[in-house]
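Here the structure comes first, spelled out in structure tokens, and everything after it is commentary.
Values in this text are rule-based calculations from the coordinates and carry no lab data. Remember, it's a predicted structure, so these values are computed and weren't measured experimentally. Ideal geometry is used to build each Cβ from the backbone, glycine not excepted, and the neighbour counts take in all protein chains shown.
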Amino acid sequence: MNGERYVRQTILKDFGPKAQERLSKSKVLVIGAGGLGIPVLTYLNAMGVGTLGIVDGDNVSGSNLHRQVLYDEKDVGKSKVQVAIRKLKAQNSDTRLLPFEQFLTRQNALGIISDYDIVVDASDNFPTRYLVNDACVILRKPFVYGALHGFEGQVSVFNHNDGPTYRCLFPKMPGTDEVPDCNTNGVLGVIPGIVGNLQALEVVKVLTGVGEVLSGKLLLFDGLSQNFQNIKFSVVPDNLKIDKLKSTYDFECTTHVTSIESSQLEQLMKTDSVQLIDVRTPMEFKADHLEKAHHIPLSELIERKSEIDFERPVYFICQSGVRSQKAIERLCEYTLGLELINIKGGMNNLRAYVAKC
């Protein structure tokens, strides 16, 4: 261990060499190398955490750069995991950096998480959060949660020393119409940095035993008023008894939504008959769209549904897969028996499979 590098930490009376040694022997898994994951990775790497695993299947895009400050303009189009590892290695060559160039799924979650002491949920969607929670309960691993919306953020620590889980605070996954979407609502670039650093601090506290961990408390941050608020919540014993993953972690909704993986659309795009509806905003569509996509913004979908041929399959796409699912649910309210298919992961995932125009 490089004593000089960490001297400003080890001279802290309540931290010291023993806490630094615990960090150096710790293994932390960070799920998501985006707005939250970048500050978590940067500071844990700088502070001397021994092993960092990074899970993300996405590539760097131009719209990431205002908040994902580890990346620069030359990194656009490259794997986030590979770029992050290269730059983190330059920051601290002693850290063991392990890449997982994939998204966390029901199939790989238990295998990946099992090797780590603590998990950081730096994802941006509810299905992943519930999957992380259930896997961590099964494996008895604590995880640090962070979430963003506009100018606000949330932080908590779940499953710590038999404390409350994510399901104790949020028992049921919301419907798609209840889910805020940062692609349309946006997020101020500095907010992920603040929330991500708070997550990194909780990781350090859990690993070293220093300070009071945010277990059973949800920290709310309002960037416009610079206000912090703590909300206490209790453990629900049944939520500690999860012993297997659910059969699916897709959004729960009253309408059955058929979905396909991004990779499956690659073959469909080679045919002339595919009917693909892009429900993103005009600005998003202008910046980046698939050649065969017909653009109908979600807000105009019902008024313009006559533009869709419902006699044949209709595929819907957005940026992340949330709005396209909302589109299908809205159409099913008007007519039944349609073959409407959602593209899972949307344009975010498709970049890895389908060439853009």
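Between E4 and D222, what length in nm is gained on full extension when 0.36 nm per residue of separation is reduced by their alpha carbon distance?
Between E4 and D222, full extension yields an extra 74.8 nm.
Given a Förster radius of 30 Å and the C-beta distance between K78 and H149 as r, what FRET efficiency does 1/(1 + (r/R0)^6) yield to the nearest 0.05?
Calculated transfer efficiency: 0.60.
Taking the alpha-carbon centroid of each part, what is the distance from the range 119-179 to the range 284-319 in angstrom?
The distance from the Cα centre of the range 119-179 to that of the range 284-319 comes to 32 Å.
Checking the cross-link filter: which lysines have an alpha carbon closer than 19 Å to that of K246, excluding same-chain neighbours under 8 positions apart?
K141, K172, K344
What GluC sites (Glu not before Pro) in the range 221-313 are in a loop by DSSP, with at most 13 other Cβ atoms within 10 Å of the Cβ?
E261, E291, E303, E311
For L139, put the label point 7 Å out on the Cα→Cβ axis and report which residues of the range 205-228 keep their amide N under 18 Å from it.
206-207
With runs of 4+ DSSP H residues as the only contributors, calculate the mean residue ellipticity of the chain at 222 nm using -39,500 (n - 2.57) per run, divided by the residue total and rounded to the nearest 500.
Value at 222 nm, helices only, nearest 500: -8500 deg cm²/dmol.
Mean separation of Cα pairs under 8 Å and 6+ residues apart, divided by the residue count of the chain: what relative contact order is that in percent?
15 percent
Which one of S63, L52, Q107 has its Cα pushed farthest toward the positive end of the charge dipole of the range 1-116, where Lys and Arg give +1 and Asp and Glu give -1 at the Cβ?
Farthest towards the positive end: L52.
Taking loop as defined by DSSP and a crowding limit of 13 other beta carbons within 10 Å, which chymotrypsin sites (Phe, Trp or Tyr not before Pro) in the range 286-345 fit?
Counting only loop positions with at most 13 other Cβ atoms within 10 Å, the chymotrypsin sites (Phe, Trp or Tyr not before Pro) in the range 286-345 are Y334.
Across the range 1-107, how many lysine pairs separated by 8 or more positions, or lying on different chains, have Cα atoms within less than 28 Å?
Value for the range 1-107: 17.
With a cut-off of at most 10 other beta carbons within 10 Å, and DSSP calling the residue loop, which trypsin sites (Lys or Arg not before Pro) in the range 215-315 qualify? Please list them.
Of the trypsin sites (Lys or Arg not before Pro), the ones in loops of the range 215-315 whose Cβ has at most 10 other Cβ atoms within 10 Å are K241, K244, K270.
Given charges of +1 on the Cβ of Lys and Arg and -1 on the Cβ of Asp and Glu, with all other atoms neutral, how large is the dipole of the chain about its Cα centre, in debye to the nearest 20?
Approximately 1220 debye in magnitude.
Putting +1 on Lys and Arg Cβ atoms and -1 on Asp and Glu Cβ atoms, find which of F151, S299, V30 reaches farthest to the positive end of the dipole of the chain.
V30
Looking at the range 7-240 only, what percent of DSSP beta bridges run antiparallel? Nearest 5 please.
Antiparallel bridges make up about 50 percent of those DSSP assigns within the range 7-240.
Given R₀ = 45 Å, FRET efficiency for Q91-K172 by Cβ-Cβ distance, to 0.05?
Between Q91 and K172 the formula returns 0.65.
Between I194, T42, P174, whose Cα lies farthest towards the positive end of the dipole of the chain when Lys and Arg beta carbons carry +1 and Asp and Glu beta carbons carry -1, centred on the Cα centre?
Farthest towards the positive pole: T42.
Using a/c under 1.5 as the rounded threshold, could you call the range 258-350 rounded, prolate or oblate? The axes a ≥ b ≥ c are square roots of the C-alpha gyration tensor eigenvalues, and prolate needs a/b larger than b/c, oblate otherwise.
It comes out rounded by the Cα gyration axes.
Tell me the label-point distance for the pair Q229, D272, using the 7 Å Cα-to-Cβ offset, in nm and rounded to one decimal.
5.9 nm
For every other residue with a beta carbon closer than 15 angstrom to the beta carbon of R312, add +1 if it is Lys or Arg and -1 if Asp or Glu, then tell me the sum.
Its environment carries a net charge of -3.
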